[in-house]
Structures are given as structure tokens and as C-alpha cells.
1. Would you tally the residues in the stretch 35-60 being more than 22 Å from GLU80 (Cβ to Cβ), in a loop (DSSP other than H, G, I, E, B) and of a type in the set (Gly, Ala, Ser)?
2. Any residue in the stretch 6-18 that is within 11 Å of ALA36 (Cβ to Cβ) sitting within a Cβ distance under 9 Å of a residue that is surrounded by 14 or more Cβ atoms within 10 Å (Cβ to Cβ) and small (Gly, Ala, Ser)? List the pairs, counting only those 6 or more apart or interchain.
3. Search the stretch 72-117 for residues being among the β-branched types (Val, Ile, Thr) and touching a residue at least 40 places away in the same chain (Cβ under 8 Å), and hand back the single one that is surrounded by the most Cβ atoms within 10 Å (Cβ to Cβ).
4. Find the residue count for the stretch 41-53, including only residues that are exposed (fewer than 12 other Cβ atoms within 10 Å of the Cβ) and not polar (S, T, N, Q).
Amino acid sequence: MGKVARLYYEHGLTHAEIAELQGLSRVKVTRLLADARRLGIVEIRVHSDDPPFAELEAALVQRYDLQRAWVAPDFGSDLERSTNSLGLVGAACLTELVPPAQRVAVGLSTSVASSVAHLRDTPAADVEVVPVAGSRAGRSSVSNPGQLALGLAQRSTARPTPCPRRCWRPPRNPPRSCAATTACARCWSAPPRPTCSSSASAACTGPPRRCSSR
């Protein structure tokens with residue numbers, strides 16, 4: 001991948017020339033170059049402050065009385081390109097907004113994860129970064145708010161603050177008899193990684209009765 005990137009970006013060879021020289025197909029060369037950018041092996045910097053959608057951003061600011069607006073291109077069903085584009089624009093947004101802030105809350109979002117991945121070092125020593133959705137919220141670390149908060153803090157020299165406690169919540173579809181009670185909306189403290197056994201009706205009136213930490 002590094003060889004292909006150097007031949008293309010440093011020596012100016014075309015895709016066809018690289019394919020012939022390295023014994024690869026043109027499609028393979030294209031994929032390797034795309035992976036090199038995605039993995040950070042190749043970084044492209046544009047030294048200009050002119051956003052590509054300046055007119056649209058200005059119109060949004062005026063129409064909705066905003067302080068600032070950022071616009072990213074949409075690639076339709078190509079989610080990878082759309083997420084990457086949102087990440088680039090999101091990183092520019094964070095670079096502008098994080099340093100003067102006092103506290104930044106990070107939630108569960110692939111767009112936020114992409115923004116943190118594209119973020120360059122941004123000094124913000126007096127900023128506190130806090131995850132707002134617990135410590136683990138998905139199968140991948142990309143969906144982990146705590147990990148995203150840590151990554152943002154590392155790139156901005158901010159202070160990461162972990163979620164202070166785990167919360168137990170009632171099931172998504174509680175019985176009708178307790179759907180209207182206020183207890184169903186509460187967040188109950190529970191031991192780390194509890195193993196609980198209780199009926200759905202009991203779950204709506206309080207935390208599980210029989211829990212054991214493991």
C-alpha cells in the first residue's frame with residue numbers, strides 16, 4: 001500500500017502505470033490508494049479557508065438565525081463516502097468549537113467517530129470531554145462513547161472524564177400496567193455488569209431485586 005501511494009503521489013505515476021509496474025489490476029491500485037487515505041498513510045491538506053459550500057452555509061445561517069453552519073456533500077447510498085465526508089467537515093467544526101468550550105459531551109454516532117478520526121491536534125487544555133451514553137454501547141469500539149471521548153481528548157489535550165456510574169433501565173416494551181408510571185423513566189444505579197433475574201412487571205417499579213456482580 002505504501003509503495004503504491006508513493007508511486008502515485010510522489011512520483012506522479014498513473015493508475016495504469018502503477019498496475020503494470022507492480023503486477024496489479026487498476027481496480028486493485030484504486031482500492032489501495034483509497035485505503036491509504038482512509039488509514040492515514042496518505043494525508044492531503046488544502047491550505048485555504050474557503051469552504052466549498054460557503055453560499056449554502058451562509059443561507060442556512062441567515063434562514064435559521066444560526067451562529068455557524070457546516071455543509072458536507074451527500075453520496076447517497078455510498079455510506080462509507082458519506083461518513084468520511086461528514087467526518088472531514090465534523091473535524092473542521094470541532095477544531096473551531098472545542099478550544100473555547102468548557103465542556104464537550106460525546107454521544108453515540110459513527111459521524112462523531114469519523115470526525116474524531118479526522119481531527120488534527122487542537123490545543124484545548126481547559127476543556128473537559130464527557131461521554132453521555134455510558135461506557136459501552138455497541139459491538140465495535142467505534143460505537144463506544146467512552147472511547148470516542150478519550151480519542152477527542154487525546155487529540156485536543158483536553159481532560160477526559162469517564163461516566164461516573166452504570167445505569168440500569170427498564171425493558172423497551174414494559175407491560176401496559178406500568179407504562180405510565182414515572183419509575184419506568186428513572187435511571188437506577190446497579191453493580192458493574194449485573195446479572196439480574198426479575199419479571200418485567202417488577203422491573204418497572206424499581207431496580208432488579210436479585211443482582212450479582214461478576
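1. Going through the stretch 35-60 one residue at a time, the tally reaches 1.
2. Partner pairs satisfying both residue conditions: TYR8/ALA36; TYR9/ALA36.
3. For the stretch 72-117, the residue satisfying everything is VAL106.
4. Going through the stretch 41-53 one residue at a time, the tally reaches 7.
Residue-wise test of (1) basic (Lys, Arg); (2) in a loop (DSSP other than H, G, I, E, B); (3) out of contact with any strand residue (DSSP E or B) (no Cβ under 9 Å at 6 or more places or on another chain).
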site: LEU86; (1), (2), (3): no, no, yes
site: GLY90; (1), (2), (3): no, no, yes
site: CYS93; (1), (2), (3): no, no, yes
site: PRO100; (1), (2), (3): no, yes, yes
site: VAL104; (1), (2), (3): no, no, no
site: ALA113; (1), (2), (3): no, no, yes
site: ASP121; (1), (2), (3): no, yes, yes
site: ALA124; (1), (2), (3): no, yes, no
site: VAL130; (1), (2), (3): no, no, no
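Each reported figure results from applying straightforward, stated rules to the coordinates on display, with no laboratory input. All values reported here derive from a predicted model rather than from experimental measurement. Cβ coordinates were reconstructed from backbone atoms using ideal geometry, including for glycine residues, and neighbour counts include every protein chain displayed.
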